[in-house]
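Just so it is clear, none of the values below were taken in a lab; they were calculated from the coordinates. Just so it is clear, the model here is predicted, and its values are computed rather than measured. Counting neighbours? That spans all protein chains shown, and the Cβs are built from the backbone with ideal geometry, glycine included.
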Protein chains: 2
Amino acid sequence: MPTKIEDVARRAGVSTATVSRVLSGKPYVSDELRQRVLGAVNTLNYRPSRVARSLRVQRSSIIGLIVSDIQNPFFTAVVRAIEDTAYQNKFSVFLCNSDEDVGKETMYLDLMLAEHVAGVIISPTAGMNDAYRRLVEERVPAVAIDRRITNVAIDSVLVDNVGAARQLVTHLIEQGHSRIGAVLGTPASSTGEERLRGYLDALHAHGLPVEQDLIRTGMPRILEGHAMMRELLQLPKPPTAVFTGNALLTIGALRAIHSSGLRFPDDIAMAAFDEMDWMFFVKPALTVVAQPTYDLGRLAVELLLKRMDEPDRPIEEVVLAAHVHYRESSKWRVPNANGANHQKEG
Amino acid sequence: MPTKIEDVARRAGVSTATVSRVLSGKPYVSDELRQRVLGAVNTLNYRPSRVARSLRVQRSSIIGLIVSDIQNPFFTAVVRAIEDTAYQNKFSVFLCNSDEDVGKETMYLDLMLAEHVAGVIISPTAGMNDAYRRLVEERVPAVAIDRRITNVAIDSVLVDNVGAARQLVTHLIEQGHSRIGAVLGTPASSTGEERLRGYLDALHAHGLPVEQDLIRTGMPRILEGHAMMRELLQLPKPPTAVFTGNALLTIGALRAIHSSGLRFPDDIAMAAFDEMDWMFFVKPALTVVAQPTYDLGRLAVELLLKRMDEPDRPIEEVVLAAHVHYRESSKWRVPNANGANHQKEG
DNA sequence: CTGTTAGCGCATTCAC
DNA sequence: GTGAATGCGCTAACAG
C-alpha cells in the first residue's frame with residue numbers, strides 16, 4: 001500500500017494542505033514547515049498519486065500521442081522529437097499505435113479523452129474520423145502531424161510533399177528518364193495524394209505523358225511496396241526509373257528489384273522519400289528527400305502548448321520544407337537509353 | 001464539460017449505481033432499466049472517466065511499457081506484439097522511451113507507479129537500477145524483456161543470444177574465415193555480453209585465437225557502429241569477415257565499408273543480428289539471425305497477466321531460441337583467401 | 001433487483 | 001501562514 005499525503009502530513013506534524021502546498025511549490029509556507037515536509041516525503045518515499053491529482057484538477061500533465069504506424073521509422077523519429085520537447089516542458093508522453101486502423105484510432109482517442117490528457121498529437125489514419133470532432137467539442141487541445149484532417153479544423157504541422165515529390169521526379173527527368181514509375185502510399189491520406197500530385201506536376205512541367213500503368217498506390221508498407229514494384233517490372237515495357245513515396249515502400253521495391261535479378265542502380269534508377277535518415281547509408285545510390293522529423297515533432301508540441309494557453313487563437317497550419325539530397329552516386333546514366341549518355345553533368 | 005454518470009442517471013431516471021452496473025456489465029439489472037440506461041448513455045454520448053474509475057478501484061487497465069530505444073526496429077516490432085496481445089485482453093498500452101538513459105527510465109518508472117498502471121513491461125537500460133526494486137516493493141506486476149535484470153528477481157523473456165551468436169560466427173568460420181571482427185553493443189547490457197560470449201565460444205570451439213584488436217564494443221547505434229567498423233578497417237591487418245551484434249550497428253558498419261571504397265560482400269563478409277526482419281531485403285548477402293520479436297512480446301504480456309492473477313507464483317524466466325537464416329548468396333568465398341590484402345587507402 | 005451512501009487521494013476554498 | 005472541510009467522478013458495500 002503506497003503512502004498517502006495524509007501519512008506525510010502526520011509524520012511532519014502538519015496538515016495535508018501544507019504538504020500539498022509544499023509539493024506544488026506554492027509560496028506562503030514557512031521555511032521550517034517546508035523542511036519538515038520535505039524530510040517526511042523523503043523518508044517515507046512518498047510519491048503523490050497522479051490519478052487522484054488528475055481527478056482533482058481535472059487535467060493531467062500527459063500528452064497523448066497517436067501514431068499511425070510505430071514501425072515506420074519516420075514516426076519513431078518524430079516521436080523522439082516530441083518526447084524531447086514535451087519533457088523539457090514537464091510533460092510526459094502517452095504513446096499509442098493506431099496501426100493504420102481507424103477502429104483502433106477511435107478507441108485510443110476515446111481512451112485519451114477518458115484519461116483527461118492535457119492534449120493530443122495525432123498522425124491521422126484517415127482524412128476524416130468522427131472521433132476527431134469530439135476533440136474539438138470537448139475543447140481538448142490537439143494538433144495533427146504529417147497528414148491533413150479534412151472534416152474539422154485543428155492545428156497541424158505538415159511537410160511540403162508536393163514540392164519535394166516534384167523535385168525528386170524532376171531530378172529523374174533531368175537524368176534523362178522519361179518512363180518513370182511511381183510506387184506510392186494510398187491517395188486516401190493527404191501525404192499519398194500530395195506526393196502523387198508532385199509526381200504528376202513534374203511530368204506535366206516537362207511535357208511527359210502520364211501513363212496510368214506506371215502509377216501504383218497501396219498501403220505504405222514493405223509488402224505492398226514489393227508487390228507494386230513487381231507489377232511494374234512485369235509490365236511489357238517497364239520503367240527505367242522509379243519514384244517511391246515512403247521508406248518502407250522503398251525497401252519493398254528494392255527487394256522486388258533484387259529478386260527479379262535486376263541490379264540497382266545499374267538497371268533501374270530510384271528516387272525516394274526517405275523517412276529514416278540512414279537509408280542512403282545502405283543504398284548510397286538513392287536520391288532521397290530527408291524529412292524534417294525533428295522540427296515537425298518540436299513544432300507540434302509547441303503548437304499544442306500554445307493552444308493550451310490560448311484556446312481561442314486562430315487555427316494554425318505549418319508547412320515545412322523537405323530537403324532533397326542529390327548524391328554523387330545518384331548521377332547515374334539511363335540504362336539502355338536510346339544511345340549512349342543522358343548524363344547532364346560531370 | 002463532459003457528461004458525468006449522474007447526468008446519465010437522471011436522464012434515465014435511475015440511480016448512479018444502476019448506471020455503473022450496466023456499464024460494467026454486472027448482472028442483476030432488469031432489461032428495462034438496462035435499455036433506458038444504454039439509451040441515455042448513447043444520446044448523451046457519455047464516456048466514463050477512467051481517472052475517477054482508476055482512483056476508485058485502485059488499479060487501471062493500462063500496461064506500462066518502457067523501451068530503451070524507440071528507434072530500434074527490434075523494439076518497435078516487440079511493441080507491436082505487446083499491443084496486439086494487450087488489446088486482445090482488454091488492456092491498453094502506455095508506451096515510453098527511456099532512450100538508453102537511466103535517469104529517464106527512473107522518471108518513467110515513477111510515473112507509471114504514480115499512474116497506478118496494472119503492470120509494467122520494460123527493456124532495462126542497465127542491469128541494475130534502484131527503481132526496479134520499487135516495482136517489487138509495491139508489488140506491481142512487472143516483466144523484463146530482451147535484457148536481464150540483475151539486482152532484483154522479476155519475470156523475464158529473453159533471447160538465446162549466446163547460441164545465436166555462436167551459430168553466426170561458426171557459419172563464418174565454416175566459410176573459411178579465421179580473422180573475424182566483432183562490432184558489438186556494450187557488454188554492460190546482458191545482450192551485449194552474451195553475444196560477445198557466443199563469438200568467443202565459436203572461436204574457441206574451432207581452435208582459433210582471440211585477438212582483442214578485432215573486438216569492438218560501444219553503444220548499439222549507427223554512429224558507433226560506423227566508428228568501430230572504421231577502426232577495424234584501419235587495422236594493419238583487417239578482418240576478412242565481421243560479426244555485428246545489432247541492426248543499427250550493422251548499418252553503421254556497412255556505411256564504413258562503403259566509404260572505405262570496399263564492396264560488400266566481395267571484399268568483406270558479414271553476419272549479423274538483424275532485429276528488423278527486412279535488413280536482408282536490402283542486403284541479401286547478409287547472414288542474419290531473425291529474432292523472435294512477436295513471441296517475445298506476446299509472452300511478456302502473458303507472463304504479466306499471469307502474475308496479476310497469482311502474485312505469489314515463482315519467478316519465471318523464458319529464453320527463446322533465435323533462428324539463423326543462411327541465404328544462398330551468403331555462401332561466399334573468402335575474398336583473396338591467403339592472398340593479397342584488400343585494404344584500400346582512404 | 002435497485003437506491004443510498006461512503007470513500008479512493010488529492011488540491012483548493014474558506015476560516016482562523 | 002496554516003488547518004479543516006469539501007468535492008472531483010466513480011464503484012462497492014449495504015440496505016431496502
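Laid out as a table, the results:
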quantity: Extension reserve of the A:Ser61-A:Tyr294 stretch, reckoned as 0.36 nm per residue once the Cα distance is removed; calculated: 81.7 nm
quantity: Exposed-site-free run, longest, chain A (rule: trypsin sites (Lys or Arg not before Pro); DSSP loop; at most 13 other C-beta within 10 Å); calculated: A:140-262
quantity: Net charge of Cβ neighbours under 14 Å - reference A:Glu138; Lys, Arg +1; Asp, Glu -1; calculated: +3
quantity: Order of A:Thr16, B:Thr250, B:Thr186 - criterion: other Cβ atoms within 10 Å of each residue's Cβ, fewest first; calculated: A:Thr16, B:Thr186, B:Thr250
quantity: Other-copy label distances relative to B:Asn151, 7 angstrom Cα-Cβ extension, nm; calculated: 5.0
quantity: Cα-Cα over 30 Å, subset of B:Lys26/B:Lys104; B:Lys4/B:Lys104; A:Lys4/A:Lys90; A:Lys104/A:Lys306; calculated: B:Lys26/B:Lys104; B:Lys4/B:Lys104
quantity: For chain A: relative contact order, % (alpha-carbon pairs under 8 angstrom, 6 or more apart); calculated: 16 percent
quantity: Per-bin percent of Cα-Cα distances, chain A [20 Å]; calculated: 28, 43, 21, 8, 0
quantity: Stokes-Einstein diffusion coefficient of the protein assembly as shown, Kirkwood radius over Cα pairs, 37 °C, 0.692 mPa s, in µm²/s; calculated: 119 µm²/s
quantity: DSSP bridge pairs, the protein assembly as shown: antiparallel proportion in percent, nearest 5; calculated: 10 percent
quantity: Cut-off under 5 Å, modelled amide H: who pairs with B:Leu65 long-range; calculated: B:Phe94, B:Leu95, B:Cys96, B:Ile121
quantity: Region A:167-321: projected area of the alpha-carbon convex hull, averaged over directions, in nm²; calculated: 10.3 nm²
quantity: Of the DSSP H helices in chain A, those whose Cα atoms cover at least 15 Å axially and whose Kyte score averages -0.5 or more; calculated: A:31-44, A:73-88, A:102-114, A:161-174, A:222-233, A:247-259, A:293-309
quantity: Simple label model, 7 Å out from Cα along Cβ direction - A:Ala188 to A:Asp213, nm; calculated: 2.8 nm
quantity: Extension reserve of the B:His325-B:Asn42 stretch, reckoned as 0.36 nm per residue once the Cα distance is removed; calculated: 96.5 nm
quantity: Highest-MSF residue in chain A out of A:Gly39, A:Gly198, A:Gly297 [GNM, Cα springs under 10 Å]; calculated: A:Gly39
quantity: Overall form of region A:5-56 per C-alpha gyration tensor (a/c, 1.5; a/b vs b/c); calculated: oblate
quantity: Label point 7 Å beyond Cα along the C-beta direction, distances from A:Glu211 to other copies (nm, shortest first); calculated: 5.3
quantity: Mean separation of Cα contacts under 8 Å (6+ apart) over length of region A:5-56, as relative contact order %; calculated: 37 percent
quantity: Sum of -39500 (n - 2.57) over DSSP H runs of 4+, divided by residues of chain A (222 nm, nearest 500); calculated: -13500 deg cm²/dmol
quantity: Difference of contour (0.36 nm per residue) and Cα-Cα distance, A:His206 to A:Tyr28; calculated: 56.9 nm
quantity: Inter-copy separations for A:Leu44, label at 7 Å along Cα-Cβ, nm, ascending; calculated: 3.6
quantity: Within straight-line cross-link reach of B:Lys237, aspartates and glutamates at Cα separation under 14 Å, skipping those fewer than 8 residues along the same chain; calculated: B:Glu211, B:Asp213, B:Asp267, B:Glu345
quantity: For region A:78-131 and region B:134-157, distance of Cα centres in Å; calculated: 28 Å
quantity: B:Glu174-B:Ala153 FRET efficiency (beta carbon distance; Förster radius 25 Å; 0.05 resolution); calculated: 0.05
